[in-house]
Amino acid sequence: MANILALGELLIDFIQIGISDSGNPIYEANPGGAPCNFLSMTSKLGHKAYFIGKVGNDNFGLQLEKTVKEAKVNTEGLIKSNDYGTTLAFVHHDNTGDRSFTFYRAADAQISEYDIKEELFKAKDVFHLGTLSMTNEICKKASLKAIKIAKEKKLLISFDPNLRENLWTDLEKAREAFIEGLKVCNILKIADNEIKWFTQKDNLEEAIKVLREQYPIDLIFLTLGRDGSIAYYNNISVSAPTFLNIKCVDTTGAGDSFMGCAISKVLEIGLSNLNENNLKEILLFANAGASLVASKRGVIKVLPSINEINLLKNSK
C-alpha cells in the first residue's frame, strides 16, 4: 500500500445521455477531473489517495467533495472557494465514443502557491500531476511549488500531460508546461497525439527517442487508444493490445484509469524490478481497466474492481 498525492482539477463532466421531447440535449452531471479519476482508481486498488485542488463552495463543489470521499480519497487538501464557482466541462462524443470538451473554467484554475502546504506532502510516496494545473500563472506557481516540495521529499513523481489545446491561449505555454513535468518525472503516461504534438515527430519511435534523449524518465507509458499501449524502460519496449470486445461508450477518464492501474502495479513490483514479463502484465492490467471504464458513462462512480479487471485481463 502506497500513499499517493495528486494536484489538479476536480470538476463536473456533463455527458449527454439523450434528447428531450423538445429536441434539446440532456446531460448528466458526472464527477471528474484527471487527477481525481487517477486517485480514485488507485484507491480502488488498495492504495491511500490524497488530493490537492479547488472547487466552488456551491452545489457542484459539494457533490464533488462527497463523491471523492466516497471513493476513499482524502480531501484535506481540497479548498472550497467563495469567489469562484466549480469548473464545468461539457463532453461531446463522435460515433466512435471518442470525445472533445467545452470547458467553463473557474475554481480549479485559481489554486495558488499559498494553497500548497508542505504538510500535505508528509509521509507520501508518489506525487502525480498534469498540465491543466499550469494553464495560467496563478496555478502554474502552485504546481511548481508542489513539484519543488515533492522533489525535496524525494517522492516518486508521476506525470500525465493530458493536453487540452482549447484551454491554452498560447500553445507555447502548453509546451513549457510539458517540459516542467518531463524534466522531473520518474514515470510518464503520454498519449500518441500528445507525443506527436510535443516532439513534432509523426513516427512514434522517433518521438519516443526524442523524449528519452532529452529527459531522464525511468518509465514511459505510451497509450494508443484502440491500438493498446507500449511501455519503455531502460532498453526494453513492450506492447500490449487493448480489449476491443468491450463496447466503447465514453473514453472520458480511460487514460486516467490506465495510469491508476499501471502505477499501482509498478508500486507493487518496484520501479527497479521491472522486466519484459511484468511490464507486459502491467500493460494488460492497465488496458483492461481503461477498457472497462470506457464501456460506461462517467468515471469515479463506475471504476472497476481488481477482480473485474483481472477477469478481463485473463480473457486475452
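Every read-out reported here was derived from the displayed coordinates using simple, explicitly stated rules and does not represent laboratory data. Everything numeric in this text was worked out from a predicted model, so none of it was measured. We place every Cβ from the backbone using ideal geometry, glycine too, and count neighbours over all the protein chains shown.
The table for this structure:
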{"read-out": "Cα gyration tensor shape for the range 31-87, rounded if a/c is under 1.5, else prolate or oblate", "value": "prolate"}
{"read-out": "Helix-only [θ]222 nm of the chain, DSSP H runs n ≥ 4, -39500 (n - 2.57) each, per residue, nearest 500", "value": "-11000 deg cm²/dmol"}
{"read-out": "Antiparallel content of DSSP bridges confined to the range 3-313, in %, to 5", "value": "45 percent"}
{"read-out": "Hull volume in cubic angstrom per residue (convex hull over the Cα atoms of the range 201-277)", "value": "117 Å³"}
{"read-out": "Rg in Å to one decimal, and Dmax rounded to a whole Å, for the chain via C-alpha atoms", "value": "18.2, 59"}
{"read-out": "Cα-derived Rg to Rh of the range 26-168, Kirkwood definition", "value": "0.95"}
{"read-out": "Amide H contacts of residue 153 (H built 1.01 Å from N, under 5 Å, at least 5 apart or other chain)", "value": "none"}
{"read-out": "Point-charge dipole on Cβ atoms (K/R +1, D/E -1) for the chain, about Cα centre, debye to 20", "value": "700 debye"}
{"read-out": "Under 14 Å, Cβ to Cβ, from residue 106 - net charge with Lys/Arg +1 and Asp/Glu -1", "value": "-1"}
{"read-out": "Karplus 3J(HN,Hα) series, Hz, for the range 231-242 with 6.51 cos²θ - 1.76 cosθ + 1.60 (x for Gly, Pro)", "value": "10, 10, 8, 6, 9, 9, 10, 10, 10, 8, x, 8"}
{"read-out": "Square roots of five times the Cα gyration tensor eigenvalues for the range 233-316, Å", "value": "23, 13, 11"}
{"read-out": "Of every Cα-Cα pair in the range 152-280, the percent that sits beyond 21 Å", "value": "41 percent"}
{"read-out": "Percent RCO, i.e. relative contact order, over the chain, from Cα pairs under 8 Å lying at least 6 residues apart", "value": "17 percent"}
{"read-out": "Qualifying trypsin sites (Lys or Arg not before Pro) in the range 194-248, DSSP loop, other Cβ atoms within 10 Å at most 13", "value": "247"}
{"read-out": "Cβ-based charge dipole, the chain, positive-most Cα from 138, 223, 311", "value": "311"}
{"read-out": "Residue (of 34, 191, 46) at the positive-pole extreme of the chain, dipole from beta-carbon charges", "value": "46"}
